[in-house]
Amino acid sequence: MSDINEQLVQEVEVKEKKKKSPFIVGLIVLIFAIIGVVSVGSFVKDMIVDKVTEADDYSKYTKYLTWVVGIDPDPFTDITKADFDDLLNIAVCSLLTAEVKTDDYDVTELGMVVPARDVEQSFKTMFGNDVQIVHATVQGYGYEFQYDATTNCYYVPLTGVVPPFTARIESAKKTGGLVTLKVGYIGTSNIEVAVDGTIAAAQPDKYMEITLKETADGGFNLISITSLTQGEHQ
């Protein structure tokens, strides 16, 4: 093959490689759209390495708290005193980022159609029976989940959602059927991702004490969230 032909082949290969990148990015965006709500915080929290607690398996707590920390409700000592809109928001977001088969839901011009019964189940799974669900439209950080009483469904926009915080469990203390967690709230906007995909160590913006009740099926119910002062979290 001549040098000229060789050069042409190389140029074609380079162009083909360059074309693949936008396609891959577009595919990722499409996947994000299909699942309705995408928690970048969920992705980030899986990659954050807490060297202090490497020996402890806090993954089950972190998974449960993904949207509790992501929605960041005001502190409360009794779940019945929590902001109900926040609880409903947490239930819907937790449902959409759980192992849900999105093919089971129809999609209309209003978004993905999520039956209210599925939201009810998610609400009960997260908070137990101490607080009862009342269906309503959910207002979030730059998004809205419309509730239609006529169809008894929620309409989830096909967009991505970035919660302001992701959770890092600092410690866990069990007392009977209760688990008290010291949780660092790491601001997702402050997390830096290197070119190689690694994440730089990030310090929590604040700390909260979160109490969970263990359930018979191996899950948890949220009991309380209280603020920790500078001295309390050290």
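Using a basic spin-label model with each label point 7 Å from the Cα along Cα→Cβ, how many nm lie between Ser189 and Ser171?
3.1 nm
Among the chymotrypsin sites (Phe, Trp or Tyr not before Pro) in the range 107-211, which ones are in a DSSP loop with at most 10 other Cβ atoms within 10 Å of the Cβ? Mind listing them?
none
Can you sort Arg168, Arg117 by solvent-accessible area, 1.4 Å probe, largest first?
Arg117, Arg168
Sorted by average packing, counted as other Cβ atoms within 10 angstrom per residue and highest first, what order do 105-115, 64-74 take? Write down the numbers at each step before the final one.
Values: 105-115: 15.5, 64-74: 22.2.
Per-residue mean Cβ counts within 10 Å order the peptides as 64-74, 105-115.
Which order do Lys124, Lys63, Lys206 take by accessible area at a 1.4 Å probe, largest first? The partial results should precede the final answer.
Details: Lys124 105, Lys63 135, Lys206 65 Å².
Putting Lys124, Lys63, Lys206 in descending order of accessible area: Lys63, Lys124, Lys206.
Using 0.36 nm per residue, how much length does the chain from Val107 to Lys206 gain when fully extended, once their Cα-Cα distance is taken away? Don't skip to the answer; put the middle values down first.
Numbers: separation 99, 0.36 × 99 = 35.64 nm, distance 3.82 nm.
Here the segment from Val107 to Lys206 would lengthen by 31.8 nm.
Compare Asp78, Asp104 by solvent-accessible area with a 1.4 Å probe and give them largest first, with all protein chains kept in place.
Details: Asp78 60, Asp104 110 Å².
Largest accessible area first, the residues go Asp104, Asp78.
Report the local net charge at Thr175: Lys and Arg +1, Asp and Glu -1, summed over other residues whose C-beta lies under 12 Å from its C-beta.
Details: positive: Lys173, Lys174, Lys213; negative: Glu214.
That sum, taken over residues with Cβ under 12 Å, equals +2.
The values are calculated or read from the model by the stated rules, or taken from the named source; none is laboratory data. Please read these numbers as outputs of a predicted model, since none were measured by experiment. Note that we place each Cβ from the backbone using ideal geometry, even for glycine, and neighbour counts take in every protein chain shown. Heavy atoms of the whole protein, side chains included, go into the accessibility calculation; ligands, DNA and RNA do not. Shrake-Rupley method; radii C 1.70, N 1.55, O 1.52, S 1.80 Å.
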